[in-house]
Each structure stands twice: as C-alpha cells, then as structure tokens.
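The values are calculated or read from the model by the stated rules, or taken from the named source; none is laboratory data. Just so it is clear, the model here is predicted, and its values are computed rather than measured. With ideal geometry, Cβ positions are generated from the backbone for all residues, glycine too; neighbour counts draw on all protein chains shown.
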Amino acid sequence: MPLDRLNQLMQRFRDRIASVAATSEVPGFDLDASIGRELLQSMLLTRHLDRAAHELRRDGLGHYTICSTGHEANAVLGRLTRVTDPALLHYRSAAVQVERARQVPDVDPAFGITQSLVASTDDPMSGGRHKVLGHPKLGITPSTSTIASHLPRAVGLAFGLERKARLRLDDSAPRDAIVVASFGDASLNHSTALGAFNAVGWVLQQNLTLPLLFVCEDNGLGISVRSPDGWVHARLNALPNIRYYDADSGDLAACYLATEAAVQYCRSTRRAAVLHLKTVRLLGHAGSDVDTTYRSPAELEAAFSLDPVARAALGLIAVEAASAQEILAWDDAARARVDAESSRARRASHLRSRAEVSACLAKPVDSSAVISAAKRYAAPHPEAPMTLAQGINTALGELLDTRKESLIFGQDVAKKGGVYGLTKGLLSRGGAARVFNTLLDEQTILGLALGTAQLGMLPVPEIQYLAYLHNAEDQLRGEAATFSFFSAGALDNPMLVRVAGLAYQKGFGGHFHNDNSIAVLRDIPGLIVICPARGDDALELYRTAFALATESRRVVVSIEPIALYHTRDLFAEGDGAWAAPSTAAVATPFEPRVYEPDAPDLTIASYGNGLFMSLRAARRLFQETGARARVVDLRFLCPLPTDAVLHHARETGTLLVVDECRRSGNVSEALATTVLESAAGVRFARVTAADCFVPLGDAANLVLASEDEVYASARELLLLKRASLRPSVR
C-alpha cells in the first residue's frame with residue numbers, strides 16, 4: 001500500500017537522522033546555512049503534504065495521489081525564481097510552490113494544497129474543480145496533467161514578455177522576468193514537448209530573445225516505462241540554441257548552484273535554458289499504481305537510499321548548519337501543520353450544483369457591453385462592394401489601428417499576406433512586431449496565442465486549414481478553454497483564432513484542404529465559434545468577436561469558408577450580388593442574420609457555403625413555385641442561435657437545415673434535437689454532406705451537399721406542409 005511505503009520512508013528518515021554518525025555518505029551543504037535550513041523545511045512540508053494526500057484518499061475524502069516524493073529538491077526553483085516569473089509546473093513540483101510561498105507572507109501553501117486535494121471550494125486556485133498546483137499570488141498558473149500540453153503556452157509567455165517590452169506596452173512585470181516550465185522525463189518524448197523545444201530553438205536561431213527555463217525532473221520512469229540510459233541527457237543536451245544545465249537532486253547544494261546559474265543565464269541573456277534535474281521516484285506513479293510489479297525489491301531499496309530529503313538533512317548536519325534535534329523538530333512541526341490543515345480540509349465545502357461547477361467556465365456575455373465595444377472598431381471605409389476576403393482584411397486592419405496590443409501571426413501572414421491574400425498589407429500597417437510569420441507548427445501558433453493572451457495582449461493567430469488544426473486541437477480544448485475553469489475564473493486567455501476551412505474548392509486539395517466537420521470545436525465547453533460568409537458578415541462578426549475577447553474575455557474561433565473568400569456573384573455571372581458594401585454595423589452576440597424575414601412558407605437555416613446554396617435554392621423555389629422562404633444565416637455555430645431559429649421555424653411551420661458538414665456530429669444534429677425538444681409540431685428536414693472524407697477532384701461532389709439537394713428537400717418539405725393543411729376528404 002502506498003501509504004504504508006510512505007510511512008516507512010518517513011520513519012527511516014527519522015531513524016537515519018537520529019543515528020547521525022554516518023554523515024560522510026553525503027556531501028555537505030556549502031551554501032548559506034539559512035538557505036539550506038529553509039529549503040529543507042519546505043522539503044519536509046512537501047513530504048508531509050504527500051502523506052496527507054494518501055491519508056485523505058484512504059479515507060475516501062481525497063482525489064489525487066500523484067505525489068512529489070523524491071522530487072522535493074525542486075524547492076530550489078521556488079527559492080531562486082520570483083512570483084513575477086510566470087511558472088507552469090509539473091505535477092511533482094509541489095515543493096516549488098511551497099518554497100515560493102515564502103515570498104508572499106499571506107499565502108499558506110499547506111492550506112491551498114490540502115484544500116485542493118479534497119476538491120474544496122476554498123481551494124485558492126481551482127475552487128474545487130481539479131487538483132492543480134498554482135496560486136494567483138504566486139505567479140504559478142494551473143497546468144493540467146495532459147502530457148506536456150503546458151509547454152507551448154510557456155513558449156508563448158516568454159515570447160509575450162519580450163514582445164510587450166518591444167512594443168512598449170504597459171507592463172508591471174520586471175524587465176528581467178523569465179518563464180519557468182517543469183515537466184517529467186517521459187513527457188520529453190511527447191510531440192508537444194518536442195514542438196515547444198523546436199520553436200524555442202527556431203526563434204533563438206534568428207537572434208531574437210526568449211527568456212524561458214525548461215526544467216526536466218528526471219526520475220527515470222514514465223509510469224512503468226524506463227527512460228533508456230543516457231537518453232534524457234543526450235536529448236536535452238542536443239537542443240539547438242538552448243543552454244543545458246544538470247544537477248543531481250541528491251546534492252542539494254549542487255542542485256542550488258546549477259539552478260542559480262540557469263536562472264541567471266535566462267535573466268541576463270534573455271535566452272532559453274534547460275535544467276536537467278535528476279530525481280528519484282520513491283513510490284508508485286500514483287496511488288493506484290502497484291510499482292512492485294515492475295520494480296524489484298533491490299531497486300526499491302536502492303531508491304530509498306537516495307531519498308533527497310534525508311540526504312539534504314544529513315548534509316546540513318555535516319557542516320553543522322543544523323542539528324539532528326532541530327531537523328527532527330522541523331519534521332514534527334511540518335507534520336503538525338499538515339495534520340491541522342488536513343483536518344480542516346476534511347470539513348471543507350464542495351461544489352454542489354451544475355451551475356456552481358460551470359460558473360467560471362467562461363465569462364458571461366453582456367450583449368450591450370459587447371455591442372458598445374464592437375462599435376469602437378468600426379471605421380469609415382469606401383463603400384465599394386467587398387468580398388469575404390476583403391471584409392476580413394478590413395476588420396483585421398481596424399483591429400491593428402484600434403488596439404495597440406493586438407497581434408496577427410501565423411505561417412505566411414506577413415509579407416506574403418497569407419495563402420489566400422487575406423492579410424495582405426497588414427504588415428506595413430501594423431509593423432513587424434505585431435504582424436509576423438511563425439514556423440509551421442500549429443501547436444506553437446496556438447501556444448503563442450495562449451501565452452500572449454495571458455499577459456494581456458489580443459492575439460489573432462491563423463491556422464491555414466481546418467485539417468491542420470487537429471494536430472494542435474488540445475491547445476484549445478485542454479489549455480485555452482480550461483484556463484478559466486481551472487483558475488476559478490481568476491485567469492483567462494482571450495483570443496480570436498482564424499481557421500481557413502470547409503469545402504467546395506472545386507476538387508482542389510482533397511480532404512486536407514476541404515475538412516468539412518466542426519464537431520471537434522463545437523464539443524469544447526465555453527468556446528465560441530463563428531462563421532462569416534460575406535464581406536459585411538466578416539466586418540460585423542469580427543468586430544463583435546474582438547469585443548467578445550476584450551469585454552467578455554472569451555476564446556473565439558472563426559471558421560472562414562475558403563471557397564467563398566473571393567466570390568462576388570450569387571445568382572448569375574457578373575451580378576456582384578455576393579459582394580457587400582462596407583458598413584459600420586456590428587453583430588449582436590449569438591443572433592443570426594435573416595434574409596426575407598417575413599417569408600411565410602419555409603424556413604431554411606444554414607451557414608457558410610450552405611448559405612450560398614440556400615439563397616440560390618430559395619430563389620429557384622420562388623421562381624418555379626411562387627413559395628417564399630426565409631433563410632437564416634446562423635453565423636454563430638457555438639452557441640447556436642436556437643431561440644431565433646425556433647421563432648422562424650414556428651412562424652412557417654417548417655425548418656430545413658442545410659449543414660455543409662458531415663451528417664454526424666455537426667450543426668444539423670443539434671438543431672434537429674432542438675426541434676424535437678421544443679417545437680415538435682414543426683416539420684423538419686436536413687441536407688448534409690456524407691459521413692466521409694472529401695476526395696480529390698470531381699468525386700468531391702459525390703459526398704458534399706449540393707444546391708440541387710437543397711432545392712429538392714425544400715420543395716418536398718413544402719409539399720408535405722401543404723398536404724397537411726388540406727382538409728381531409730370523407
């Protein structure tokens with residue numbers, strides 16, 4: 001049982017200190033004695049917090065037993081970094097938080113961590129939503145346990161520190177602030193970690209600055225899988241442009257000196273370093289992990305002999321910086337302090353309703369405030385008809401002119417102006433510090449957005465194609481959307497993510513340039529998804545999206561229909577009916593745009609390319625049957641404007657949903673459910689794409705929704721409606 005093992009380890013520690021004769025087995029602590037004493041006290045407190053975690057779990061009150069036992073020497077990071085240095089911590093880095101709390105007298109790490117263990121509403125970080133390390137006053141932001149997912153954000157934070165200084169934006173952070181991110185040796189192999197390392201090296205290769213300290217806490221095990229001998233050193237030591245430091249946590253003084261050198265290097269050079277901190281895992285990976293199935297008794301005994309807490313204590317004794325009696329008294333004090341907080345945690349309050357749990361998922365939207373803020377972006381423009389691409393470009397230009405903290409970036413967005421020319425001219429308008437190219441890595445692009453947004457900037461990253469987003473979707477799901485949730489609403493990272501997507505590119509590119517599913521985005525709690533279809537839509541929606549980010553602190557994703565970027569005509573060649581004049585209008589949050597809102601016969605709801613097809617089909621329906629259809633452009637795909645759609649559907653008694661995405665998992669299913677639950681009397685039909693990837697060439701037309709299908713379904717729905725209204729014949 002893990003608790004038995006931990007108690008045995010702690011008793012062995014006391015026995016070892018009491019029999020103080022054999023101090024030659026460890027090096028002495030040759031730094032300032034007061035530093036060593038305080039570090040050891042933090043290590044002891046951390047060890048007892050691990051004990052409390054296992055005791056609370058044993059009693060059915062605690063929820064998390066991935067502990068820091070064996071990693072406690074990382075307390076040196078808490079000593080040598082400041083609360084003004086943003087820190088994103090590995091789940092075995094509790095000692096960093098304990099030691100850093102010395103800098104803020106009113107923060108009690110024992111209280112915060114024990115409250116977190118029992119998912120208490122008094123947990124100062126997540127408010128009972130998850131066991132995360134962190135505290136708003138300590139500069140430690142919550143990180144989930146997803147493997148290395150916090151590292152792209154760390155890169156973005158370090159980039160943001162330097163970019164804010166370059167732009168001379170108001171900032172309370174000291175000019176020499178750095179970012180700290182710790183992770184385990186198994187995470188070193190994850191693509192997210194490798195992408196973060198690569199991005200840092202890529203930036204530094206250009207002689208830019210990026211003050212980031214990576215810390216790899218290497219205990220040699222990823223649950224049961226061992227890191228090959230020498231692998232972690234070889235991998236970290238070979239990272240381009242990232243200075244390598246290493247230390248053995250069993251030698252606390254050497255660990256302190258190596259950490260001090262790494263921190264000072266990052267501060268003074270504004271470049272990145274990695275600290276390879278060799279640690280030891282003394283227990284299983286977590287409480288549920290029976291490590292005796294893959295670790296021999298001899299290996300476990302050898303690990304016990306490397307206990308960093310005992311070695312630090314013996315080192316202090318060896319140089320007479322502390323006596324055995326003092327250390328045992330500190331251990332008793334740590335036990336008593338943790339027991340008191342554990343007892344309080346056992347009486348803690350917990351989240352009791354669905355509303356309480358989700359209250360901080362995303363900031364509420366005050367529509368009037370958003371509309372008022374959105375209007376500030378609107379500027380006079382020539383009233384020449386605009387395409388969708390021109391509308392987006394105009395809106396981005398307004399943002400650059402209005403918000404000096406705004407950033408526009410992604411692959412090819414600067415001098416080239418983007419793959420489809422949407423950002424053309426913005427480089428000269430905003431300058432190279434605000435409009436810039438990134439390396440081709442979607443995780444890094446979103447990580448830059450996460451970090452700069454956390455620092456108060458307004459990033460607008462571009463993802464070239466929807467199919468490419470899936471490489472990095474967890475940066476939205478596991479990082480951006482959860483940030484407010486795991487910080488009880490205290491932290492946020494507002495942004496607008498532009499994604500070129502959807503299909504109908506006349507055979508070009510196949511699936512990789514015609515991804516026709518947004519289900520993965522609509523499934524992320526708190527995320528707002530918009531889809532502009534025309535130039536005026538882009539202006540209205542983007543102004544509102546910027547305001548949703550700045551006023552409501554929300555993460556917004558815009559899906560831009562590539563096939564409509566440069567479209568001008570709607571019904572006939574040369575009619576120019578799809579291009580739209582510039583306006584000063586803004587979109588009311590979560591409200592659709594309705595064409596022919598008084599049409600009595602049929603309601604069609606759609607978006608993007610489906611809107612284009614629906615308007616053409618509605619005109620054909622009128623020309624051939626005289627029936628008039630109102631067409632609802634959803635514009636907001638998450639949350640859907642269901643109330644407005646139901647209003648129009650009830651007025652006509654019908655609803656045809658034209659969903660250009662796949663039949664399963666997308667908008668049409670959500671609206672079908674809404675009708676079933678709230679408007680059962682409305683006749684419903686839908687036209688969708690097939691549940692299939694989009695093939696290359698003309699074969700794409702076999703799986704995508706077509707205008708003829710829209711027309712046929714509209715006509716059939718109209719016939720069914722009319723048949724139901726005829727008096728029965730007796």
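See the values below:
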{"read-out": "Residues within region 595-629 that are part of a helix (DSSP H, G or I), surrounded by fewer than 21 Cβ atoms within 10 Å (Cβ to Cβ) and either touching a helix residue (DSSP H, G or I) at 6+ places or on another chain (Cβ under 6 Å) or not polar (S, T, N, Q) (or both), tallied", "value": "5"}
{"read-out": "Selected residue (only one of 498, 477 is of a type in the set (D, E, K, R) and modelled with pLDDT of 95 or more)", "value": "498"}
{"read-out": "Among residues of region 281-299, those that are of a type outside the set (Gly, Ala, Ser) and either surrounded by fewer than 16 Cβ atoms within 10 Å (Cβ to Cβ) or in contact with a Phe, Trp or Tyr (Cβ under 6 Å, 6 or more places away or on another chain) (or both), counted", "value": "6"}
{"read-out": "Selection count, region 566-594, where residues are within 28 Å of residue 506 (Cβ to Cβ), among the aliphatic types (A, V, I, L, M) and part of a loop (DSSP other than H, G, I, E, B)", "value": "4"}
{"read-out": "Residue list for region 505-516, restricted to those being surrounded by fewer than 24 Cβ atoms within 10 Å (Cβ to Cβ), touching a Leu at 6+ places or on another chain (Cβ under 8 Å) and assigned to a loop (DSSP other than H, G, I, E, B)", "value": "507, 509"}
{"read-out": "Selection within region 128-186 - of a type in the set (Asp, Glu) and either on the phi > 0 side of the Ramachandran plot or surrounded by 22 or more Cβ atoms within 10 Å (Cβ to Cβ) (or both)", "value": "185"}
{"read-out": "Looking only at region 187-197, and only at residues there that are crowded, with 17+ Cβ neighbours inside 10 Å and of a type in the set (S, T, N, Q), the one that is farthest from the chain's Cα centre (by Cα)", "value": "187"}
{"read-out": "Inter-residue pairs, beta-carbon under 7 Å, first touching a residue at least 12 places away in the same chain (Cβ under 8 Å) and in region 401-430, second of a type in the set (Asp, Glu) and surrounded by 16 or more Cβ atoms within 10 Å (Cβ to Cβ), 6+ apart", "value": "410/462; 413/462; 418/412; 418/462; 419/412"}
{"read-out": "Test: residue in region 86-109 that is within 17 Å of residue 343 (Cα to Cα) and over 23 Å from the mean Cα position of the chain (by Cα)", "value": "yes"}
{"read-out": "Single residue of 537, 523 found to be within 29 Å of the chain's Cα centre (by Cα), surrounded by fewer than 19 Cβ atoms within 10 Å (Cβ to Cβ) and under 17 Å from residue 641 (Cα atoms)", "value": "523"}
{"read-out": "Residue ID - farthest from residue 611 (Cα to Cα), chosen from residues in region 524-551 that are out of contact with any strand residue (DSSP E or B) (no Cβ under 9 Å at 6 or more places or on another chain) and not basic (Lys, Arg)", "value": "551"}
{"read-out": "Exclusive hit being part of a loop (DSSP other than H, G, I, E, B) and either among the acidic types (Asp, Glu) or within 22 Å of the chain's Cα centre (by Cα) (or both), set 439, 446, 450", "value": "439"}
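Listed here are the residues, each with its yes/no results for (1) farther than 23 Å from residue 5 by Cβ; (2) in contact (Cβ under 8 Å) with a residue 24 or more places away in the chain.
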position	(1), (2)
244	yes, yes
255	yes, yes
265	yes, no
285	no, yes
294	no, yes
